[in-house]
1. Take the residues in the stretch 94-139 that are among the small types (Gly, Ala, Ser) and surrounded by fewer than 19 Cβ atoms within 10 Å (Cβ to Cβ), then tell me which one is farthest from MET66 (Cα to Cα).
2. Check THR60, THR127 and return the single one that is hydroxyl-bearing (Ser, Thr, Tyr) and at pLDDT below 95.
3. Against the condition acidic (Asp, Glu) and modelled with pLDDT of 55 or more, how does GLU9 come out, does it pass?
4. Need a quick list: helices (runs of 4 or more DSSP H) entirely within the stretch 53-139 having at least 2 residues that are touching a residue at least 40 places away in the same chain (Cβ under 8 Å).
5. With under 17 Å from the mean Cα position of the chain (by Cα) and farther than 23 Å from LEU71 by Cα as the only criterion, which of HIS152, HIS164 stands out?
Amino acid sequence: MARLSSPAERKRSGGDRPKAGGGGKRAVRQRKSVAGAIGITEAIELNPSLAFAHVVLGATYAYGGMPSDGLHHCGLAARLSPRDFTQAVNFSAQGLCHFMAGRFAEGVEWERRAVELRPHFGSAWRTLAAAAGKVGNLDVATRALSEAKRLHPLLSIAWVEKYHPIVRETDRALYIEGLRAAGLR
């Protein structure tokens, strides 16, 4: 079994590498989906039954424009832990995967399930607004955007352009298009 080095051992060896998977989420937030996937895959190699790691990897693949791979890992997570406390995160990751695959109506349904379980889940409200905007369901889109902005008052098109982890500009443009339809400026 692999042993993770202690902080003192990492310092002595000159490496400050975090424990396996620790840098994965950080890399995703920086739009480095390949590095993120590698870090998260390391965590899965250490514990293949870690459902949440599969959810995070699923979202990472979605952000990187690989929604089929993302749905595969979200499905694994659901099978590993069908009543997991992170179920809302899994639902939202699946919604994002469907959005990225151009299946906006399915994205709406999965994001609705996520916000029903966790009403204070800002990113799920944001993706629900984008997906509903893309299918032209403006009632749902504007309500979802209202909730997203309540939870994230600084949310704007400029924020999405600068900080949202969707890697490809064309995918981010679709997301922004949906948010604009919902009323985001």
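The values are calculated or read from the model by the stated rules, or taken from the named source; none is laboratory data. Note that this is a predicted model, so its numbers are computed, not measured. Reconstructed Cβ throughout: ideal geometry from the backbone, glycine too, with neighbour counts over all protein chains shown.
1. Only one residue fits best here, namely GLY136.
2. Step by step, each of THR60, THR127 is checked, and only THR60 is hydroxyl-bearing (Ser, Thr, Tyr) and at pLDDT below 95.
3. Considered against the rule, which asks whether it is acidic (Asp, Glu) and modelled with pLDDT of 55 or more, GLU9 comes out as no.
4. Here the list reads 87-100, 122-135.
5. Working: HIS164 fails: farther than 23 Å from LEU71 by Cα.
Only one candidate passes the filter, namely HIS152.
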